[in-house]
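Structure, as structure tokens:
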Amino acid sequence: MSRKILIVEDDSSTAAYLAKGLSEGGYSVESARDGRDGLFLASEGIFDLIIADRMLPGLDGLSMVSAIRAAGIATPVLVLSALAAVDDRVDGLKAGADDYLCKPFSFAELSARIEALMRRSDRAATEPTRTRLAVGDLEIDLLARHVTRAGRSIPLGAREFNLLEFLARHAGQVVTRTMMLEKIWNYHFDPGSNVVDVHIGRLRRKLEDGFASPILHTVRGAGYRLAADPA
């Protein structure tokens, strides 16, 4: 069965060029000419990949992508745009796009990026879903949202649990304040407060009070690191 690709592009010549090349490559192609129609079709969840222009009538490409992600649809999205500045590409990725290709582009590069996104999607589909995380004697049950250390239950609030999960998914790595602000608080700017440090302090007390060794380490000038070893 051929892979299905949705093209959301208002320029008829570009849409025809893409559809022709992808069809010749063995893909099944469907097209929409504005963001609202693109969102409607994408919401069916039947496509293996979505190619979306950034500047669309009705609903712009990035708003469409954000709405797709908000609906829980994980279909890979490749954004096409003549806006090529670094900030423009960053905005596209933050909106939920998996890749961002600037116009004009070569079809060979587009094909290579599509193949890479398809491979990544296939791997994600076959990998078992993790329901537990462990760091040393700390265990996190993601389904029950329950945390234990050395067998002792540690009650956490919702924000504390989300923060711990994020740290555990990056266990052994330095997690910066900026990363936590973006992921946990959805701030894409520095609010000028110590909100991260306050929550880290509370979380550290719950994870370490009464235990023999620390597990949540401060990396001066960088951020924090969840690890069983202090190094």
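The values are calculated or read from the model by the stated rules, or taken from the named source; none is laboratory data. Being a predicted model, the structure only gives us computed values, none of them experimental. All Cβ positions, even for glycine, are placed from backbone atoms using ideal geometry, and neighbour counts span all protein chains on display. With ligands, DNA and RNA removed, areas are computed over all heavy atoms of the protein, side chains included. Shrake-Rupley method; radii C 1.70, N 1.55, O 1.52, S 1.80 Å.
The set of residues from region 146-168 being loosely packed, with under 15 Cβ neighbours inside 10 Å and out of contact with any Asp or Glu (no Cβ under 9 Å at 6 or more places or on another chain) comprises R152, S153, P155, G157, A158, R159.
Is it the case that some residue within region 150-165 is in a loop (DSSP other than H, G, I, E, B), in contact with a Phe, Trp or Tyr (Cβ under 9 Å, 6 or more places away or on another chain) and more than 17 Å from R225 (Cα to Cα)? Taking every residue of region 150-165 in turn, at least one turns out to be in a loop (DSSP other than H, G, I, E, B), in contact with a Phe, Trp or Tyr (Cβ under 9 Å, 6 or more places away or on another chain) and more than 17 Å from R225 (Cα to Cα).
Looking at region 181-192, which of the residues that are more than 22 Å from R132 (Cβ to Cβ) and under 19 Å from the mean Cα position of the chain (by Cα) is surrounded by the most Cβ atoms within 10 Å (Cβ to Cβ)? Write out each step before concluding.
Of the residues in region 181-192, the ones more than 22 Å from R132 (Cβ to Cβ) are 181-182, 185-192.
Those left that are additionally under 19 Å from the mean Cα position of the chain (by Cα): 181-182, 185-189.
On the way: L181: 18, E182: 14, W185: 15, N186: 7, Y187: 15, H188: 11, F189: 8.
In this case the residue turns out to be L181.
Regarding region 58-68, can at least one residue be identified that is on the phi < 0 side of the Ramachandran plot and exposed (fewer than 14 other Cβ atoms within 10 Å of the Cβ)? Scanning region 58-68, I find no residue that is on the phi < 0 side of the Ramachandran plot and exposed (fewer than 14 other Cβ atoms within 10 Å of the Cβ), so the answer is no. Within region 69-95, the residues that satisfy the criterion of being open to solvent by 20 Å² or more (accessible area, probe 1.4 Å) and in contact with a Lys or Arg (Cβ under 7 Å, 6 or more places away or on another chain) are A82, L83.
With respect to the conditions (1) within 28 Å of A168 (Cβ to Cβ); (2) open to solvent by 60 Å² or more (accessible area, probe 1.4 Å); (3) more than 13 Å from the chain's Cα centre (by Cα), E109 falls short on a single one, namely (1).
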